[in-house]
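Presented below is the structure to which this report refers.
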Amino acid sequence: MERIGADPRAGAYFQPKRRTRHIFVEQADFRAAAYMKQELLARGGDAVVGMHVIDAKTDTSDVLLVATDGELNALLKKMEAMDCWGLKALREGLRSALDNAGKDAWVLPLPGGRELRLDARTKVMGILNLTDDSFHASSRAAGLDDILERAGAMLADGTDMVDIGAESTRPGSTPVSEEEELKRLIPAIKALRNSFPDAVISADTYKGKVALAAAEAGADIINDISGFALDSDMLKSAAQSGLPYVLSHIKGTPRDMQRSPAYENLLGELNAYFQMKIEEAEQAGLQKERIVIDPGLGFGKRTEDNLLIHKEVESLSVFGRPILLGYSRKKFTGTVTGTGRTDERLAGTLAVSALMEGRAQVVRVHDVKENKNALLMAGAIKAVF
C-alpha cells in the first residue's frame, strides 16, 4: 500500500480482506450449518457442509468455514440477532477464535521485574540436559563447569532461553526419583542464575515439588511435558510459583507413549485437550496469561501426526497463547530423511525451523547457532516485499 501510494487510512479497510481463514466447526445443527453457509455466500465467502444439510436428512453436520476476517466479522454481526439452532454458542466460539488468532505479541512477567517478550520473531530455547540417557548424546552435560560452559556458549550464540532438565523423557525412558532430580537440577539452576543473572532459565520437569524448588533456585519458566498429568502436585505448584508455564500435550507416559499411538482427529483432540487443560489451570489459580502451549511433538505422536501439527500449527492460535515447538533431532525428522542417528538429523531440524519461523513463538532446539541462523534467513526472505 505504501509503494502504491494509497491513503494510509485505507489500511483499516483492507486489513480484514488480506487473509482467508479456514475454521472447522464440529457437529453443528444442520440448520445452523445451512444458515452460516448462506450468509457467507452472500458476503463472498463459503462453507463446506454435509451433503444432506440441504435436504434436511441429517440432524447435524461438521462445517468448514472459508472466508476472510471481514466476511467472518460480517457473519458474526448478522448472527447477533439469532440465538436459535445453537447459533449463540457458535457465535461466541467463533468470536473468541478470531480475537485470539489475531494476537501476535505477548509479555510474560519473570522474577525480578524482568519480562519475556514473544512476538512474530521466533525465539530460540536451547536444550541443556543433566542426564546420561537423553536421546541426543551431545546435549548431555556433566558437572557444573560443563553446564556453565555450555550455557555460556548458547547465550553467546544468541539463545533467548536455556531449558535445563535432569530427567530424560525420551520414549521408553525410566523415571528418576524426585530426590535424584532435585539433586541434579537445583545446584545447576543456582549456578546458572549466579553466573548469568539476566538469562531466561527454564526448568524442564513434570514434578510439582521439583518445579517449586527450581523456582526458588532461580528458574524463570516451568516446562512440563505432561500437562500436569504425571504428578498430582504439579498444577498447584505451577500456580503457586507465579512463573510462566509451558502446557504440553502428551498421550500416555514417556515409557509407553510411542506404543502405537493413534488419533481419529488429531487437531480436534489437541483443541479439546488444551481447552480442558486451560480451564483446569485457571480454576487452580494458574492464569491463562502465564501459559505457553506446546503440542508435544514426539510425545505420543506418529510421524504423520508430527508433520500435520507443523503444517497446521496455526490451528493452535485460537487459544490466544504463544506456541512452543520441540522437534529438534527427533525420530520423525530421521524417518523423513532416512537418518537413523540423532547426530545425522541437523539438516532436517533446520528445515523445520525455517518453515516455523514466524509461525511458532518459541522453538526448543539442541543447536542454537545453526537454528538461529536458519530462522534469521527465513525471516529475511519473508520480510522482502
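The values are calculated or read from the model by the stated rules, or taken from the named source; none is laboratory data. Note that the coordinates shown come from a computational prediction; the quantities given were computed from them, not determined experimentally. Note that each Cβ is placed from the backbone with ideal geometry, even for glycine, and that neighbours are counted across all protein chains shown. Accessible surface is based on the protein model in full, side chains and every heavy atom, while ligands, DNA and RNA are left aside. Shrake-Rupley method; radii C 1.70, N 1.55, O 1.52, S 1.80 Å.
Of all residues in segment 330-366, those that are touching a Leu at 6+ places or on another chain (Cβ under 6 Å) and farther than 14 Å from K123 by Cα total 0. Scanning segment 273-314 for residues that are out of contact with any Pro (no Cβ under 7 Å at 6 or more places or on another chain) and either among the acidic types (D, E) or modelled with pLDDT under 95 (or both) turns up E279, E280, E282, E289, D294, G298, F299, E304, D305, E312, E314. Here is a check on your reading of the model: is V176 at negative phi, among the hydrophobic types (A, V, I, L, M, F, W, C) and out of contact with any helix residue (DSSP H, G or I) (no Cβ under 9 Å at 6 or more places or on another chain)? So V176 fails the test.
Would you check if P171 is over 22 Å from D231 (Cα atoms), open to solvent by 40 Å² or more (accessible area, probe 1.4 Å) and in a loop (DSSP other than H, G, I, E, B)? Break it down stepwise before answering.
Numbers: over 22 Å from D231 (Cα atoms): no; open to solvent by 40 Å² or more (accessible area, probe 1.4 Å): yes; in a loop (DSSP other than H, G, I, E, B): yes.
Judged against the criteria, P171 is not a match.
Can you tell which of L267, L212, L185 is in contact with a Ser or Thr (Cβ under 8 Å, 6 or more places away or on another chain), closer than 27 Å to D132 by Cα, of a type in the set (A, V, I, L, M) and open to solvent by 10 Å² or more (accessible area, probe 1.4 Å)?
Step by step, each of L267, L212, L185 is checked, and only L212 is in contact with a Ser or Thr (Cβ under 8 Å, 6 or more places away or on another chain), closer than 27 Å to D132 by Cα, of a type in the set (A, V, I, L, M) and open to solvent by 10 Å² or more (accessible area, probe 1.4 Å).
Residue by residue, here is whether (1) surrounded by 21 or more Cβ atoms within 10 Å (Cβ to Cβ); (2) aliphatic (A, V, I, L, M); (3) in a loop (DSSP other than H, G, I, E, B) holds:
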residue: P175; (1), (2), (3): no, no, yes
residue: Y206; (1), (2), (3): yes, no, yes
residue: L230; (1), (2), (3): no, yes, yes
residue: K236; (1), (2), (3): no, no, no
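One residue stands out among those in segment 339-360 that are at pLDDT 95 or above and open to solvent by 70 Å² or more (accessible area, probe 1.4 Å): the one that is farthest from L297 (Cα to Cα), which is A347. Considering only residues that are in contact (Cβ under 8 Å) with a residue 60 or more places away in the chain, closer than 17 Å to I250 by Cβ and part of a loop (DSSP other than H, G, I, E, B), which ones fall in segment 286-325? Once the filter is applied, which keeps residues that are in contact (Cβ under 8 Å) with a residue 60 or more places away in the chain, closer than 17 Å to I250 by Cβ and part of a loop (DSSP other than H, G, I, E, B), segment 286-325 yields G296, G298, F299.
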